[in-house]
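Values in this text are rule-based calculations from the coordinates and carry no lab data. As the structure is a prediction and not an experimental result, all values here were calculated from the model. When we count neighbours, we look across all protein chains shown, and the Cβ atoms used for this are built from the backbone with ideal geometry, even at glycine.
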Amino acid sequence: MGLAFPPDFSQSRRFYLYYTDLNGDIVVSRFSGRTDGSGDPQSEQVLLTIPHRQFANHNGGALVFGPDGFLYVGTGDGGGGGDPLGNGQNSATLLGAVLRLDVSGAGGYTTPPANPFVGRAGFREELWAYGLRNPWRISFDRMSGDFYIADVGQNRAEEINFQPANDPGGQNYGWNRMEGPSCYQTGCSQSGLTLPVW
């Protein structure tokens, strides 16, 4: 579902895949390239597995390296209509979010110490932003460093979320209190939310 090459690919020959395994779980893995330019399937090193078995939709799939050299991962909310599992507003899960990981070491991954929720009770430290439904594509502007998140709506609106370059992260983009610019839940509060730019 996603493929990313790190800034040092020409030296490291490592690359990263985001896929759904046969159990339905989300997997982010590191692979090594061969000298002939192909990838070596036997080199897989699983960095992260996120349980995702109850529903088959909203698997996310976004995977990109940012200007800071960290790996950004867009995960879906776990599926089902309307977020029945409540993951969009659950800061204790890795679903319905964008994660930021340091994968530069030889082992798995570490959490960058400047991630916005490091040390905060009730928050996964890997979170960069949450309150998303299915951010299956994310991108950094190569000139400005601005960050764009394309998120799938429920029925009424698709949305694009925006973070300016050098933003410290930590946004709650509102799903499932909001769908795009409108309340999804009756009488929702927009307090503490960052609404889409489109």
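Determine the sum of side-chain charges near Gly74: Lys and Arg each +1, Asp and Glu each -1, restricted to other residues whose C-beta is under 9 angstrom from that of Gly74. Here the charged neighbours net out to 0. Eigenvalues of the alpha-carbon gyration tensor of the stretch 88-198, scaled by 5 and square-rooted, set the equivalent ellipsoid semi-axes at 24, 17, 12 angstrom, largest first. When the helices of the chain are scored as -39500 (n - 2.57) per DSSP H run of n ≥ 4 and the total is divided over every residue, the value at 222 nm lands at -500 deg cm²/dmol.
Just checking the listed ones, Arg133, Arg30, Arg142: in the Gaussian network model of the chain with Cα springs under 10 Å, the one fluctuating most is Arg142. Relative contact order, whole percent, for the stretch 5-85 stands at 23, derived from Cα pairs under 8 Å and 6 or more residues apart. As a size descriptor, the averaged projected area of the C-alpha convex hull of the chain was calculated at 11.6 nm².
Kindly state, as a whole number, the per residue volume in cubic angstrom of the convex hull around the alpha carbon atoms of the stretch 120-185.
97 Å³
Here the average projected area of the convex hull drawn through the C-alpha atoms of the stretch 1-111 stands at 7.3 nm².
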